[in-house]
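A.B. asks: Encoded as structure tokens, here's the structure I'll be asking about.
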Amino acid sequence: MTRLKASPVIFHIAAWLLFMSFPLLFMNQGKSISGISTSGFYYLQFCLVYIIIFYVHTYWLIPKYVLRKNYLMYSVALFSLFALVYYVKPFDDLVSQNRMPPSQKPPPNSDYRKMPPPPPHDEQMRKSTSEQFDITSSFIFIMVIGLGTALQSIKQWQLSEKRALLAETEKANAELSFLKAQINPHFLYNTLNNIYTLCLIDSENAANSIMKLSNIMRYVTDESDSDFVPLEDEVQCISDFIALQKLRLGKKVSLSYTIEGDIVKHRIAPLILMTFVENVFKYGLSNHIDSKIELLIKIEDEKITFLSRNQIFKHKKINDRKSIGLENTKKRLAYLYENEHNLSITNDGEFFTVLLVLRSK
């Protein structure tokens, strides 16, 4: 891990050493060691200017302005950096100092612009040099800015790929956990027992119940890997589930199941409502106490509202499986309906209420 983290640092050091070696090629042409050393200040200035510009632009301006889409401030800051290069002329200063005779070179720590005026011929040539546009310095500036932009673009692309891969992995894990928690063995056991009883008494509802159970299993296994399915398929699965639950409901249960609006031409994430529906029947029923269950699915133009309310019985403890189912549903909502849903779960001691409002797809 340490080796992998050190790789970018080594890459930066190697790149800057390569960059700093190019000016030495110009400074070393026909010069002695002592002649080269007198231009050291301007060589250091040349290197530092572009190193500072690179890191300020790459790791401050781009994250602060470009990634936040504040392009006006970014343009102002970029123009300011260019103005600095235009004023300093790091490459021209380096080359002109290197070409001056040793007798005319200023001390390394002084500004040659403040030195006594050179001979007329040299003064005219220096004036021409200082007034001309430093094309090389500007070109190096553009190259440094371009490299920084490319480096940040690659970094953001890698982060996006990593986020997408992580999101897909979390989605797959959430869906797998959701399905494991959703297919309640007790529901299958009770339903099959009820159907068995219907078969023994030769009830006409037996075949219909088997078909409803088959439809639920097909929907759970075939549609669960899709991001979105027709809302009418989801509602049909819920209706079949409720119809099978009614086989075991006694007279002490008051059930209200309402669908308002047109369910056609709307789409929803599959099984997103089933955790709440299943929990209603698992924790909202009692064999000895009158209980009330309310389920509502309301469809508007671009909005789907789901409401479930059931009584709370103190003798029924909420197990870990319910918590897992709710957490998985929250994860799926966060992934599939980011900033497009509102989930409210309340427990007032008497009723457990779930209100889910999400945008229709």
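The values are calculated or read from the model by the stated rules, or taken from the named source; none is laboratory data. Just so we're clear, the structure is a prediction, and the values are computed from it rather than from any experiment. Here the Cβ positions follow ideal geometry from the backbone for every residue, glycine too, while neighbour counts run over all protein chains shown. In case anyone asks, the SASA skips ligands and DNA or RNA and just uses the protein heavy atoms, side chains included. Shrake-Rupley method; radii C 1.70, N 1.55, O 1.52, S 1.80 Å.
A.B. asks: When ranked by the protection proxy of mean other Cβ atoms within 10 Å per residue, highest first, what sequence do the peptides 250-262, 79-91, 53-65 form? Walk me through the numbers before you get to the answer.
C.D. replies: Numbers: 250-262: 12.7, 79-91: 15.5, 53-65: 17.4.
Ranked from most to least packed, the peptides come out as 53-65, 79-91, 250-262.
A.B. asks: Protein chains only, probe 1.4 Å: how do Asp227, Asp202, Asp222, Asp240 rank by accessible area, largest first?
C.D. replies: Putting Asp227, Asp202, Asp222, Asp240 in descending order of accessible area: Asp202, Asp222, Asp227, Asp240.
A.B. asks: Once fully extended, how much extra length lies between Met217 and Cys199, figured as 0.36 nm per residue of separation less the alpha-carbon to alpha-carbon distance? Mind showing how you got there, number by number?
C.D. replies: Numbers: separation 18, 0.36 × 18 = 6.48 nm, distance 2.02 nm.
Working it through step by step, the gained length comes to 4.5 nm.
A.B. asks: Now a separate question. Given points 7 Å out from each Cα along the Cα-Cβ axis, report the Ser344 to Leu48 separation in nanometres with one decimal.
C.D. replies: Taking the two extended label points, one gets 6.2 nm.
A.B. asks: Here's a follow-up. Quickly work out the Val264-to-Lys64 label distance, labels modelled 7 Å from Cα along the C-beta direction, and quote it in nm with one decimal.
C.D. replies: 5.8 nm
A.B. asks: Give the carbon-plus-sulfur fraction of the accessible surface of the stretch 252-291 in %, rounded to a whole number; probe 1.4 Å, heavy atoms of protein chains only.
C.D. replies: Numbers: 890 of 1770 Å².
Its accessible area is 50 percent carbon and sulfur atoms.
A.B. asks: Based on DSSP, what percent of beta bridges with both residues in the stretch 236-315 are antiparallel, to the nearest 5? Walk me through the numbers on the way to the answer.
C.D. replies: Working: 7 of 15 bridges.
About 45 percent, rounded to the nearest 5.
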